[in-house]
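Notes for the one structure printed next.
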Amino acid sequence: METLSVIKIGGNIIDNEASLSSFLKSFASTPGKKILVHGGGKLATKLASQLEIPQQLVDGRRITDADTLKVVTMVYAGYINKNIVARLQSHGCNSIGLCGADGNAIQAHKRNHPNVDYGFVGDIDIINVPLFKNLLSQDISIVMAPITHDKNGQLLNTNADTIAQEIAKGLAAHYDVSLIYSFEKAGVLLDANDNETVIRFLTPGYYSELKDKNLVFAGMLPKLDNAFVALDSGVTKVIIGQADQLEQLIAGNQGTTIINE
């Protein structure tokens, strides 16, 4: 079975020109088939401010009203996505930039939350596996922006971590899939402020033990819960670590590798 790396890059890397440049060079040289899912960074917030569009966050999640949706679509699916694609081309990595509406790549529905109206935020329903397989078979790397659609003409702002996870799960029956979350931390840390405390391997049993002792940073819990869901859905391994160590992450020499027992 062919290998496939589904790599999510955090928005904070996009905000740092040197980090982004280094990461894209490493991504371009990554062997095998690959998909890059990117977040949005601070540019959307900055542009919304310049346009005097008020931004509202609830528990760190952006409320996406109609005007904010226009901004995030322009920034995520426009400038950031195409800038990444152009730079990958400069490294000899033939790639195509998509959002969920392109080729009906990712279909979602507007989030229905009992207490909070998140606006035009999407929860994923369907990954178009044949489309992804077709592009990958032509040795084209795919760069996904975190915008989906509902098949009724409505665009939706969608969490990039979730997009990466759902793509990995959807393609796990066809490839040997590694799901890689790359950001500024060295991996899953016992001490959130100390990169030297990285946990090299994490199994369900060890994870349960750490949670019982409240030793997992709260912000990492959703990512880890999703990692084990991905493994249960056929993804071979999930790796969490620093974006500037991408080659070592893929080789399993850095970061945290999450595996089923």
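The values are calculated or read from the model by the stated rules, or taken from the named source; none is laboratory data. Since the structure is predicted, the reported quantities are computational estimates derived from the model, not experimental observations. Positions of Cβ are generated from backbone atoms using ideal geometry, with glycine treated the same way; all protein chains shown enter the neighbour counts.
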ask   = Assuming Ala145 fulfils every condition listed in (1) surrounded by fewer than 18 Cβ atoms within 10 Å (Cβ to Cβ); (2) under 21 Å from Asp15 (Cβ atoms) apart from one, which condition is it?
value = (1)
inquiry  = Return the residues of the range 220-244 that are without any contact (Cβ under 8 Å) to a residue 60 or more places away in the chain and farther than 15 Å from Leu179 by Cα; say none if nothing qualifies.
reply    = Met220, Leu221
query = Of all residues in the range 58-68, how many are surrounded by fewer than 16 Cβ atoms within 10 Å (Cβ to Cβ), more than 20 Å from the chain's Cα centre (by Cα) and not small (Gly, Ala, Ser)?
reply = 2
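Out of Asn214, Asn193, which single residue is loosely packed, with under 14 Cβ neighbours inside 10 Å, on the phi > 0 side of the Ramachandran plot and not in a helix (DSSP H, G or I)?
Numbers: Asn193 fails: on the phi > 0 side of the Ramachandran plot.
Result: Asn214 is the single residue among Asn214, Asn193 that is loosely packed, with under 14 Cβ neighbours inside 10 Å, on the phi > 0 side of the Ramachandran plot and not in a helix (DSSP H, G or I).
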note = The lone condition Gly205 fails out of (1) out of contact with any His (no Cβ under 6 Å at 6 or more places or on another chain); (2) surrounded by 20 or more Cβ atoms within 10 Å (Cβ to Cβ) is (2)
request  = Would you tally the residues in the range 92-138 being of a type in the set (Gly, Ala, Ser), in contact with a helix residue (DSSP H, G or I) (Cβ under 9 Å, 6 or more places away or on another chain) and either under 22 Å from Pro31 (Cβ atoms) or part of a loop (DSSP other than H, G, I, E, B) (or both)?
outcome  = 6
request  = Among the candidates Glu184, Glu247, single out the residue that is among the charged types (D, E, K, R), under 15 Å from the mean Cα position of the chain (by Cα), under 20 Å from Phe23 (Cα atoms) and surrounded by fewer than 18 Cβ atoms within 10 Å (Cβ to Cβ).
outcome  = Glu184
inquiry  = Exactly one condition in (1) of a type outside the set (Val, Ile, Thr); (2) modelled with pLDDT under 95; (3) within 26 Å of Ser21 (Cα to Cα) is false for Lys82; which is it?
reply    = (2)
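In this structure, does Gly153 turn out to be touching a Leu at 6+ places or on another chain (Cβ under 8 Å) and part of a loop (DSSP other than H, G, I, E, B)?
Values: touching a Leu at 6+ places or on another chain (Cβ under 8 Å): no; part of a loop (DSSP other than H, G, I, E, B): yes.
No; evaluated as a whole, the condition is false for this residue.
What number of residues within the range 12-35 are closer than 23 Å to Phe132 by Cα, out of contact with any Leu (no Cβ under 8 Å at 6 or more places or on another chain) and surrounded by 15 or more Cβ atoms within 10 Å (Cβ to Cβ)? Outline the logic, then answer.
Step one: list which residues in the range 12-35 are closer than 23 Å to Phe132 by Cα, which gives 23-35.
Okay, now just the ones that are also out of contact with any Leu (no Cβ under 8 Å at 6 or more places or on another chain), so 25, 29, 31.
With the extra rule that they be surrounded by 15 or more Cβ atoms within 10 Å (Cβ to Cβ), the set shrinks to 25.
The total comes to 1.
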key: Candidates Gly103, Gly97, Gly122 - the one that is of a type outside the set (S, T, N, Q), surrounded by fewer than 16 Cβ atoms within 10 Å (Cβ to Cβ) and touching a residue at least 24 places away in the same chain (Cβ under 8 Å)   = Gly103
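Yes/no per residue for (1) part of a loop (DSSP other than H, G, I, E, B); (2) under 24 Å from Thr73 (Cα atoms):
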position: Val6; (1), (2): no, yes
position: Ser19; (1), (2): no, yes
position: Ser22; (1), (2): no, no
position: Gly40; (1), (2): yes, yes
position: Leu47; (1), (2): no, yes
Positions within the range 63-77 being outside any loop (DSSP other than H, G, I, E, B) and either free of Cβ contacts under 8 Å to residues at least 40 places away in the same chain or over 13 Å from Ile147 (Cβ atoms) (or both), in sequence order = Ala66, Asp67, Lys70, Val71, Met74, Val75
